[in-house]
Every structure is written in C-alpha cells, then in structure tokens.
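The values are calculated or read from the model by the stated rules, or taken from the named source; none is laboratory data. Remember, it's a predicted structure, so these values are computed and weren't measured experimentally. Glycine gets a Cβ as well: all are built from the backbone with ideal geometry, and neighbour counts include every protein chain shown. We work out accessible area using only protein heavy atoms, side chains counted, and drop any ligands, DNA or RNA first. Shrake-Rupley method; radii C 1.70, N 1.55, O 1.52, S 1.80 Å.
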Amino acid sequence: MSRETPAAALLPSEVPVRFLAEDGTRVDEHGGYSEPPSGRLVEAYRLMVLGRRFDAQATALTKQGRLAVYPSSAGQEACQVASALALTDADWLFPTYRDSVALVARGLEPGEILTLLRGDAHCGYDPAKTRVAPQCTPLATQTLHAAGLAHAMQRRGEDSVAFALIGDGATSEGDFHEALNFAAVFKAPVVFFVQNNGFAISVPFEKQSAAPALAYKGVGYGVRSEQVDGNDAVAVLSVLDDAVAHARSGRGPVLVEAHTYRIDAHTNADDATRYRDQAEVEKWRAADPVRRLETYLTTEDLLSANDIERFRAEAETFAAGVRDTLNADVAPDPMSLFEHVYAVPTRQLAAQRALVTAELEAR
C-alpha cells in the first residue's frame, strides 16, 4: 500500500497481512487492503473444498500404485486457489510439482494434470492453450521462465502477467535471485509467489535463511514485496489481486510470501516424523484455511449449510472422476519416444524412428 519513500515502498508489511484470525473471526490486520467481493470468496471456498478432495484422492491413488509420486499441498489450499483466481485467462501460470490444486482451480483436466506424476510424460496438457507452464521439479528454474516470458509479453504489448509459484526452499537457489534482478531491471509484469510452508523437504526455514521473512529478499533487487497469512484465503486473494494489478499496470514485479504449512509429508516417499513433531502439525491444523473461510462465510450469512453440502457433493463427484481416469490403463504410443526431442530431428533420430516403425509394421 502507500509508503513515504521509494525504499519504503518496497518493504513488506511488518506482520503478515490478514483479515481472519485462526478461528475465522474478523481482525483488523489487513493494512488497508480491500476485502474481495463475497462472490469471489464463496467461489474460493468451493474450489478449496474441491482441491482438498482432489489432493486426498491423488494421495490415495499414489498408495494404490496409480501415481508414481504425489507432493501434497494439504493445508495450502488458500494459496493454491487464490493463485488461480487472481489471474485472467490471458495470464500465464508457472507451477511447481506441488501445485496441482492450483491447476485444478485453473480449470485443467485432472488426468492431464497428473500425467507428470503418473510418469507418462513430462506434461499432459498443452501449455500454449492453457497458458500454464509444465509443472517444474527443479527448484526455481520456473522463475527465470516466468520473468523471461513476462518481458517478452511486455515487449509485444500484451496485457498479460506471468505468475510464478515457488516454495521457500527455492529462494535459496541462484535462479530465484537472477529472476528477481532481471524482472526488476526490465520492470517485467511478473509476480513471484513464495509459499513458505516451513520446510524445504526436511530442512526447516530457520536453517536456510536468517531473514526476518523471505519477502525482504525482494527489496535488495528493487522488487516491491509483501507478506501474508497464507492460511487466510481472504488475505491471500486480496494481496495477490493487488500484486497482479501492480504488475499489469507496468510498475514492475512483485514478490509475495505466504506463511503457511505443509500438513502432509514432502511426498509419499518422505517420513516427516523424522524431522518434525506431531504437536507442530496439530498446531497448524487449528489454522486450517478451509475451516477458517467456512466459519467466516457462514457467520456473515454468505454461505449456507446447503451450499456446504452441495460443494462437498461436487467434490466427491470430481474425486470419482479422478479415480476413473487414473484407474484406466494408458496405451503408450511407441512413436512418442521421438517427439519433442529436437525441433528438427537429427539423421540418427530419423534412422531410429524408421527402424522402430519398420519393427512395428512387421508384427
């Protein structure tokens, strides 16, 4: 919001922006940000319910062997859904491997989203059509992609924003710092959204950064920064709306840090009990973003019991569709081995393709 000096204008709020306390009651800690319209908050709640059920279903499918791996975002639904709602269809989303729920909220097909995590292909959807980049596994590389694409759209005169989702561990990577510097110098229309869930796999936040908050890392590059309660959907949506509007207006990039928590393990291959106490997990369960928003909306008579049941039923139907899709065996096309390797196939690749084609035709 408004600050007095150029340097002060870059600084995040001293405490994370929030509209709602952990119990869902209204608090005045929003620093002048505007509360989103009630209709958007109800839609955010619907998508958070849907996303949580999707997340639980994907986790179950991993245990059944239908997915190779699944990084859960349970507890981070407010961040996931607000990321999608803050964007227009013309904007680009750059997700990580943990951001499947954001893709669900964006409207992508669950079978296409889970193609990567099933191990069938690097990406199951069309990035150009959906304006969603492939989910990124290497830490922070997507920040450079987002900054570069944002600059390209800017040069073309497009009214679009790039939005990069990253975790707290990615802020320790060189790519993150290069992306912030590039974006700031060229005033690229990009938002960097850090979901600080407390752990970079097993490394707690205090072991990877001495900064009072990761949001302060933007100041050194001339990037406007903010921090927000990542479990308060009202606050996250408000702050992200403002950040996207700032970037779209040509005033440069924004770095937003959301303070949230990863309720489940890093992935199904991780044993989180080796590096954190269950008491800590239960403490964060009390700040559950879905329940917090539900309490607020019902208290304000914006959400009825019938609405809640309807959204839960929709989520169950959605989960059933995910099960049906993932339980169907995929018939891989052997010729897909040769696709997306080179823009212009080499002679060796063409020869290999011809050899496989001949072998298949001879069967």
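For segment 92-141, just run the numbers: alpha carbon Rg, then divide by 2.2 N^0.38 Å, N being how many residues it has.
My calculation over the Cα atoms of segment 92-141 gives 1.00.
With θ set to phi - 60° and the Karplus curve 6.51 cos²θ - 1.76 cosθ + 1.60, what are the ³J(HN,Hα) couplings of segment 237-246 in order, to the nearest whole Hz, using x for Gly and Pro?
5, 5, 5, 5, 4, 5, 5, 5, 4, 4
Taking H as built 1.01 Å from N, whose amide H comes closer than 5 Å to the amide H of L67, not counting residues under 5 places away?
T62
Can you tell me which lysines have their Cα less than 29 Å from the Cα of K187? Leave out same-chain residues fewer than eight positions away.
Within the straight-line cut-off, K187 pairs with K129, K217.
Quick one: compute the contact order of the chain, relative version, from alpha carbon pairs under 8 angstrom and 6+ residues apart, as a percent.
Here the relative contact order equals 24 percent.
Say each of R285 and S38 gets a label point 7 Å from the Cα, pointing the same way as Cα to Cβ; how far apart are those two points in nm?
According to this spin-label approximation, the distance is 3.3 nm.
Please pull out the direction-averaged projected area of segment 243-332, using the convex hull of its alpha-carbon atoms, in nm² to one decimal place. Let's see the in-between values first.
Numbers: hull surface 45.9 nm².
The orientation-averaged projected area of the Cα hull of segment 243-332 comes to 11.5 nm².
Based on DSSP H runs of at least 4 residues, each adding -39500 (n - 2.57), what is the mean residue ellipticity at 222 nm of the chain after dividing by all its residues, to the nearest 500 deg cm²/dmol?
-13000 deg cm²/dmol
Applying 1/(1 + (r/R0)^6) with R0 = 51 Å to the Cβ-Cβ distance of T317 and E359, what FRET efficiency is obtained, to the nearest 0.05?
That gives a FRET efficiency of 0.70.
Using Cα pairs closer than 8 Å and at least 6 residues apart in sequence, work out the relative contact order for segment 178-225, in percent.
Relative contact order, segment 178-225: 42 percent.
Within segment 257-325, list the trypsin sites (Lys or Arg not before Pro) lying in a DSSP loop whose Cβ has at most 10 other Cβ atoms in a 10 Å radius.
Sparse-neighbourhood loop trypsin sites (Lys or Arg not before Pro): none present.
What is the extension gain from R248 to K63, computed as 0.36 nm multiplied by their sequence separation minus the C-alpha to C-alpha distance, in nm to one decimal?
So the chain would gain 62.4 nm between R248 and K63.
Where does the longest stretch of the chain lie that holds no chymotrypsin sites (Phe, Trp or Tyr not before Pro) found in a DSSP loop with 14 or fewer other Cβ atoms within 10 Å?
Values: sites that count: Y275, Y342.
No qualifying site falls inside 1-274, the longest such stretch.
Would you mind telling me the share, in percent, of accessible area of segment 7-330 contributed by carbon and sulfur at probe 1.4 angstrom?
51 percent
Please work out the average accessible area per residue across the chain, using the 1.4 Å probe convention, and give it in Å². Intermediate results must be reported in sequence, preceding the final value.
Values: 16710 Å² over 363 residues.
Solvent-accessible surface per residue comes out at 46 Å².
Which of rounded, prolate, oblate describes segment 192-248, given a ≥ b ≥ c as roots of the alpha-carbon gyration tensor eigenvalues and a/c under 1.5 marking rounded, otherwise prolate only if a/b is larger than b/c?
Verdict is oblate for segment 192-248.
From Cα pairs below 8 angstrom and at least 6 apart in sequence, can you work out the relative contact order of segment 193-323, rounded to a whole percent?
Relative contact order for segment 193-323 comes out at 26 percent.
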